[in-house]
Amino acid sequence: MSWAIAEDRRVFACDAQAESLGVRAGMGLAAAWALAPGLQLRARDPAAERAALEGVAAWLCRFTPAVSLELPHGVLAEVHGSLRRFGGLRALAAQIRGGVAALGFSTRLAAAPSARGAWLLSFAETELLLEDAFALRDALERLPIEILCTSEEARVLLSRVGIRTVRALLGLPRAGVARRLGPALLEQLDRALGREPEPRRFFVLPERFAAALELPAEVEHAEALLFALRRLLLQLEGLLSARQSGIRQFLVVLGHRRLAPTRIEVGLASPGRDAGRFLELLRERLSGHALAAPVEAVRVEADRFVPLEGKTAGLFGDAREDAEAWHRLVERLQARLGEDAVHGLGLNPDYRPERTWRRRPPGEDRSATENLAFGPRPLWLVEPPRALEERGGIPQQNGPLVMLAGPERIESGWWDGAEIKRDYFIACSTNTALLWIYREPGGRWYLHGIFA
Amino acid sequence: MGRFRDGHRIGARLVRARSTVYKYSIRLLIDRVTVLPATLEDLFRRQRVWRGGRRAAIAVPALPSGFPVLDRQLPGGGWPSGALTEILTALEGGGELQLVLPPLASLTAAGRRIVWLAPPHLPFAPALAAAGIDLRNVALVRPPGRREVLWAAEQVLRARACHALLLWCREVRYAELRRLAVAADASQALVVLFRPLQAMQMSSPAALRLVLASAADGLDVRILKCRGPRSEAPLRLRVNRPVHALDRPSLAAARARDPVAQPCPA
């Protein structure tokens, strides 16, 4: 299936498959359909374009803070200060190309000593990464003049007088060019050559993340969905690393055609910003249950960024790495088994056996609580207490039980409605198991623990 | 790392010495050099080769069990870490957990994390604390089904963030056990699997298998399988029982008496 974007009843852009059938940008829709009968059309959406561009800009902020948008389809980044850190211009360009491709966009890169110059060079036939002003001038002079022209009028005028390249334009008297074509053209050229400064408004990183992706076809399988989500998560990772922040949770919304969207909230045991980690958690969550309906759009949202410092390699030991691995393990287990299936244990200052312990989040809360002084307590607590059979007043569990110790009266909790009054005994069964049993005065016997 | 470089150098010399026909196979061999241990001592340390008749000579990474009688019988002198241990027991309440508490206490006290996976009952926090276990390093995982238990065990062992894993699984197939044993081998953790006594009849890839039976004044431990020679006779261990703490008539004495004739308290 081939795709094209339409604007004003004309093809604005098309994919490689449509292009191979002869469809070109600027072609009328009727002509395009005649060439490619199965052509799928979407109307151009400037808001979505801008959102995509901002996503790329946010991702680029990991390399430099000075990023600005060149609407409608360019992003400029000042990378001079970052070259050494990222291993030189070519290595940096390779990283950017790979990263943006992973976000799902194709790129045309160019680098030059001036912002406008780099922007113009990106229209050149070959990829130019220049660090030198002379090389820039040389490359600019060889560019076709159409790239500079902002208006159709100027283009027609220049082609009539036989000006084809920038070099030829620079050869003309300045005053005449300014009078006939307006000052904008020359100003652009001056900025490109670095003769005039170019003030730019820098892109400001958003406070929250929200990005959506419309899928080309409805998706029923989790794997295909993860592939699409990966792009959004990489974008999120870019924003987070630019802000030097992490998140504790994010929200994934799956849009269906008819049903209400499915919302999946994914929590992290410790703040993180690694897209691979997000994806792994999401994989566990998605593998757990089937999709309610085919998905046609996905959205990822995250806010409440928390500061996340970079990693410092420890000199001694790897306690922190250990903790990190532990957090990831807990996350993975919770994503698949449910939040409640994984927890830590803590003490609670209460004499009632059910309340002398409490659940606590695994690995998070590291506070210690004092153990109240008790008599012997079993290692296994049977929850809820199991009623024991009685024969002739003697509790039975694989035969009659023999009382070895007791009673220990536990009477507490009148203040919160869960009052208990029990006599606990240590009993021995015929197969020498030691059990912790109780009875309420005048009531029946219960098994509450096992001395394992 | 010097060892690997030596391996490479030796390998490279071999390549040069042999004819082209052998080059390919020798190259393969060189690739393996980086993963396989190079010296004999390494082989023994990693237990790829079993040497008969020398029980404690093998340096198995082990944790003292807290029972000197048992330590003397176990290869390495304690519970093996980085290997699967199976404990088979018929009953609940015979002191079977007491056996593993000392290493857990020392691990948690050192800040190592331990995981209880799918225990049959709730581990009671006050009793664990009383046994010297630092509760801050204890995590409880209770998966809904049998398959999730094995999945979780593998995740725990692969994450390398936990130093002891206790798990309970009633029915487990040989292939699953094998997977678990491989995961345990690749980890550094003490892995103890509790199974019912019936599993004794089935073969198991575990490095150490113990059968427990409760005795009148303690616990009888029989070593079913271990790396190295084993003693046939069961060991009698005096595990910590609550009755001793209470200074009451001992269990044996209580059992001698007629249960019905005993005056019922309360």
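The values are calculated or read from the model by the stated rules, or taken from the named source; none is laboratory data. Everything quoted here is computed from the prediction, not taken from an experiment. Cβ sites come from the backbone with ideal geometry, for glycine too, and all protein chains shown count toward neighbours.
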*Please tell me if A:S245 is more than 22 Å from A:F105 (Cα to Cα) and either touching a residue at least 24 places away in the same chain (Cβ under 8 Å) or crowded, with 18+ Cβ neighbours inside 10 Å (or both).*
yes
_Failed condition for B:V141, given (1) at pLDDT below 90; (2) aliphatic (A, V, I, L, M); (3) crowded, with 19+ Cβ neighbours inside 10 Å_ = (1)
_Need the failing condition index for A:Y351 against (1) loosely packed, with under 13 Cβ neighbours inside 10 Å; (2) at pLDDT 85 or above; (3) part of a loop (DSSP other than H, G, I, E, B), just the number._
(1)
*Is it fair to say B:V149 is under 20 Å from B:P120 (Cβ atoms) and either crowded, with 17+ Cβ neighbours inside 10 Å or not assigned by TED's automatic domain parsing to the domain that holds B:A109 (or both)?*
yes
*Which ones in the stretch A:397-423 are of a type in the set (A, V, I, L, M), within 14 Å of another protein chain (Cβ to nearest Cβ) and not in a strand (DSSP E or B)?*
A:L401
*Kindly establish whether B:V243 is of a type in the set (V, I, T), at pLDDT below 90 and assigned to a loop (DSSP other than H, G, I, E, B).*
no
*Please state which of the following conditions B:L190 fails to meet, knowing it meets all the rest: (1) facing another protein chain (nearest Cβ under 9 Å); (2) in contact with a Ser or Thr (Cβ under 6 Å, 6 or more places away or on another chain).*
(1)
_Members of the stretch A:383-398 that are under 18 Å from B:G94 (Cβ atoms) and modelled with pLDDT under 85_ = A:N398
*Among the listed residues A:R243, A:R231, which satisfies the condition of being in contact with a Leu (Cβ under 6 Å, 6 or more places away or on another chain) and closer than 22 Å to A:A47 by Cα?*
A:R231
_Condition first: surrounded by 16 or more Cβ atoms within 10 Å (Cβ to Cβ) and either in the same structural domain as A:V253 (by TED's automatic domain parsing) or aliphatic (A, V, I, L, M) (or both). Now tell me which residues in the stretch A:196-208 satisfy that._
A:L205
*Determine the pairs where a residue that is hydroxyl-bearing (S, T, Y), located within the stretch B:162-175, has a partner that is exposed (fewer than 13 other Cβ atoms within 10 Å of the Cβ) with Cβ atoms under 8 Å apart, the partner being 6 or more residues away or on another chain.*
B:Y174/B:M202; B:Y174/B:S203
_Qualifying position, being buried (at least 18 other Cβ atoms within 10 Å of the Cβ), over 29 Å from the mean Cα position of the chain (by Cα), at pLDDT 80 or above and not assigned by TED's automatic domain parsing to the domain that holds A:P72, among A:V11, A:V56_ = A:V11
*Looking at the stretch A:87-184, what helices (runs of 4 or more DSSP H) fall wholly within it and have at least 2 residues that are out of contact with any strand residue (DSSP E or B) (no Cβ under 6 Å at 6 or more places or on another chain), without any contact (Cβ under 8 Å) to a residue 60 or more places away in the chain and assigned by TED's automatic domain parsing to the domain that holds A:H73?*
A:88-103, A:133-141, A:152-160, A:166-171, A:174-181
*Restricted to the stretch A:434-447, and to residues that are under 53 Å from the mean Cα position of the chain (by Cα) and surrounded by fewer than 22 Cβ atoms within 10 Å (Cβ to Cβ), which residue is nearest to the other protein chains (Cβ to nearest Cβ)?*
A:L447
